[in-house]
Every structure is written in structure tokens, then in C-alpha cells.
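Q: Following this message is one structure expressed as C-alpha cells.
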């Protein structure tokens, strides 16, 4: 394609999203391996241009100043083909491999640079951030004034750490489902931890607060259910959740 390089965001499977959320709920923050690079897909055209005999790997489009990658000597234009002993076939593989490494560990990265392979040692860093949560369950089993109906959800904003850990695109908005009460309507309707709610009653939402407010508004309007647009892995679906008093 013509024009400049385009960064690619990848969704992760729902089971891995649930593991991410479980880590968050356990400690209130994410502790995972951090490299500090922006990466994109190596297309056949890119591979040909840089002398690789096959497409694959993760092309480094930017190295964050002061990051573990910068300290290790990784450069813009490098193609990372393996990390910590795991083959890297695409950016998603690299994101997973780095996230699986304990912060502080020293690992090796196989890199293709200017027509030559090389191996670089990297002291893996960590990137953690406090997680903002918004509960949609007041514990009473019934809606109360100023609160969302108790459909049984706990939500988190999409912080920079969550965005990286879940391989979300830079423009991804919404709220991550952090917890689902198994005895409430959301669970019965099929909502899962790790889902991302991107719209409520066909109105886009940007964060957990907007989801909470939109569900509360739907409950106060007398509707018997609320329609949630949910992203799960690579799929997007509508799920109707009935209110407790519906």
C-alpha cells in the first residue's frame, strides 16, 4: 500500500483477557514485562524492502526514550523475530511474549537489522498503573436512586497499561468488564470478564462512568432491559441484559 506505515492493534482471545482482568483485580495494578516499543506488522512488501526472505516478525516503528528497549540498543527499523525463546511471527506474538516475562528478568531478542541478524540482551522492565473501577452492583439486588440497576457488573477504564496488556488499538474506547456476579442478570445473559462494552442502547461510550450512567438512565426510563454492544476477542456482538425489576 502507498503512504506511511500504519500501526496495527490486535485483540486477544477472551480467555487471555480474563487472565488480564484477574491479575488486575488481585492486586489493583498490572505487573508485567515491558519493552517500550511501538510495533507493526511485517508485510511482504516491507520484508522485500528490508531484505528479509519472508514476512513475519514485529517491525519496530518507535522506541520509547529511556525504555528497556532503548537501554538494550533496540532501534527503529529493527524487526524482532524472537523474544525470550519464543518465535515472533507477528506483533501479537511479541506482545504476548514480553507480557509473559517477569519484570527484571534478562532475556534475549533476535533482531533483523539492515540486512543482518543479531541477538540483543534486554533487561525487561515493568509498567504498572492504578486501575479505576466503577461498580454497577450496589449489593442490594435492586436499583436505587443515583445508581445503576444491579445487573452484576464491575467495570474498569481502559488505562494505557490495560490497552497494552490486552493489545487494544490506540483509539479503542469503552469499559473493560472486570467482574461478573454469577447470580445476577449480566452473567445469565452471557457477559464475561474481559469483555469490552463499547456502546449502551446504541450510544457509544468512552469509559466506565459513561457505561454506568447510561445503564442507570435506561433503568430510570422504565425499560425492562439494556442493550450492550460488546467486543470479545475479534468478535463484536449485542447482548440484552434484563433489569432485576424488569
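The values are calculated or read from the model by the stated rules, or taken from the named source; none is laboratory data. Predicted model, so just to flag it, every value in this text is computed and none were measured. In this analysis, Cβ positions are derived from the backbone assuming ideal geometry, glycine residues included, and neighbour counts consider all displayed protein chains.
Q: Mind checking which residues of region 159-192 are within 23 Å of residue 126 (Cβ to Cβ) and either assigned to a strand (DSSP E or B) or at pLDDT 85 or above (or both)?
A: 176, 178
Q: Would you check which residues across region 193-213 are under 23 Å from the mean Cα position of the chain (by Cα), assigned to a loop (DSSP other than H, G, I, E, B) and more than 17 Å from residue 157 (Cβ to Cβ) and list them?
A: 202, the sole residue that qualifies.
Q: Looking at region 211-227, which of its residues are crowded, with 21+ Cβ neighbours inside 10 Å and under 19 Å from residue 162 (Cβ atoms)?
A: 211
Q: Hey, another quick one. Can you tell me which residues in region 214-239 are within 11 Å of residue 199 (Cα to Cα) and either touching a helix residue (DSSP H, G or I) at 6+ places or on another chain (Cβ under 7 Å) or assigned to a helix (DSSP H, G or I) (or both)?
A: Once the filter is applied, which keeps residues that are within 11 Å of residue 199 (Cα to Cα) and either touching a helix residue (DSSP H, G or I) at 6+ places or on another chain (Cβ under 7 Å) or assigned to a helix (DSSP H, G or I) (or both), region 214-239 yields 214, 215, 226, 239.
Q: Which condition number does residue 195 fail, the rest of (1) under 30 Å from residue 71 (Cβ atoms); (2) touching a helix residue (DSSP H, G or I) at 6+ places or on another chain (Cβ under 9 Å); (3) modelled with pLDDT of 85 or more being met?
A: Checking residue 195 against (1) under 30 Å from residue 71 (Cβ atoms); (2) touching a helix residue (DSSP H, G or I) at 6+ places or on another chain (Cβ under 9 Å); (3) modelled with pLDDT of 85 or more, the one that fails is (1).
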